[in-house]
Ligand code: 13P
Ligand code: SF4
């Protein structure tokens, strides 16, 4: 029996191969760099010049000599790149690629919170709008949030926003009491304590890699064992490559599985919750990347006064490891 060809959601394999070639050629012609987050669809990751976490992508955007940055990720990431590289053209292939977590707090709400706590240091997760960053003292990502909190003098009050689960994890690892905004990412919050407990009990040979934004992060911390790690997406990749173990359960957005499987092909990676897919990240398709490069769309710009006020917090983030 002949099976019908597998059609991927974003196009047939031949069509994708043709698009990959077209995108690579356009990128070279236009002297563009393609930056992709670890949650991007496989074919976008495969054509990107650099794939990484929020921190790595921000560092690449700050350091690139390319004239055009095509940001294959969500809007706040492209905004961060535009703030760090004001002399470059930053493009996002779909301007509607937002983030439910970044939408949890506005600059006006943050101003109100600051007014209730005068003198407090404001630490914003990178998953925030440029306007919120402009009201912040520090930005951080999951890759350096702990180091950012530890860099703040112990006697200072800290307002941490907008992710509640990340804030709880930070309190635990730093021993600092934080004031934490009650926000969450719908994808990570949907990875529940039951998901990780089931894997913990049923896969004793597996290492459990858990992103601190997850709804199961507190449960994972409570295991308190050697085989459960709370890590950023890039931290997961580095850890899995070096670990002597060959089986990993991954609690974060499912796009990371492609990157992990590429970086450590002999190992086995299973999603803690296969439904944890970010519809915003998946809005970026290869065809939209091609259109973006070909037609110089959609340009991401941040008003200069907002960018000037946000830059300090972002540069502090990029500097702290
Ligand atoms: P990191 O890539 O920084 O771990 O962030 C995860 C995330 O949810 C990005 O939207
Ligand atoms: Fe935002 Fe969550 Fe999607 Fe990351 S996974 S971009 S935090 S909605």
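Computed quantities for the displayed model
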item: Criterion: touching a helix residue (DSSP H, G or I) at 6+ places or on another chain (Cβ under 9 Å), crowded, with 24+ Cβ neighbours inside 10 Å and over 26 Å from residue 287 (Cα atoms) - qualifying residue of 124, 129; result: 124
item: So residue 293, is it within 30 Å of residue 29 (Cβ to Cβ) and more than 14 Å from ligand 2 (Cβ to nearest atom); result: yes
item: Total residues in the range 91-112, condition part of a helix (DSSP H, G or I) and within 16 Å of ligand 1 (Cβ to nearest atom); result: 3
item: Complete set of residues in the range 10-40 that are out of contact with any helix residue (DSSP H, G or I) (no Cβ under 8 Å at 6 or more places or on another chain) and touching a residue at least 12 places away in the same chain (Cβ under 8 Å); result: 31
item: Residue 22, sole failed condition from (1) away from ligand 1 (no atom under 14 Å from the Cβ); (2) surrounded by 15 or more Cβ atoms within 10 Å (Cβ to Cβ); (3) outside any helix (DSSP H, G or I); result: (3)
item: Verdict on residue 136 being closer than 25 Å to residue 173 by Cα and more than 16 Å from ligand 2 (Cβ to nearest atom); result: yes
item: Among residues of the range 277-321, those that are within 30 Å of residue 198 (Cβ to Cβ) and not in a loop (DSSP other than H, G, I, E, B), counted; result: 2
item: Elements of type helices (runs of 4 or more DSSP H) in the range 41-85, at least 3 residues being without any contact (Cβ under 8 Å) to a residue 40 or more places away in the chain, in contact with a helix residue (DSSP H, G or I) (Cβ under 6 Å, 6 or more places away or on another chain) and away from ligand 2 (no atom under 16 Å from the Cβ); result: none
item: Failed criterion for residue 102 (all others in (1) under 23 Å from residue 214 (Cβ atoms); (2) away from ligand 2 (no atom under 16 Å from the Cβ) hold); result: (2)
item: Some residue of the range 120-139 being modelled with pLDDT of 95 or more, outside any loop (DSSP other than H, G, I, E, B) and farther than 19 Å from residue 311 by Cα; result: no
item: Filtered residue count, the range 277-287, keeping only those that are within 14 Å of ligand 2 (Cβ to nearest atom) and in contact with a helix residue (DSSP H, G or I) (Cβ under 9 Å, 6 or more places away or on another chain); result: 6
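The values are calculated or read from the model by the stated rules, or taken from the named source; none is laboratory data. This structure is a prediction, so every number in the text was calculated from the model and none was measured. Quick reminder, even Gly has a Cβ in these numbers, built from the backbone with ideal geometry, and neighbours come from all protein chains shown.
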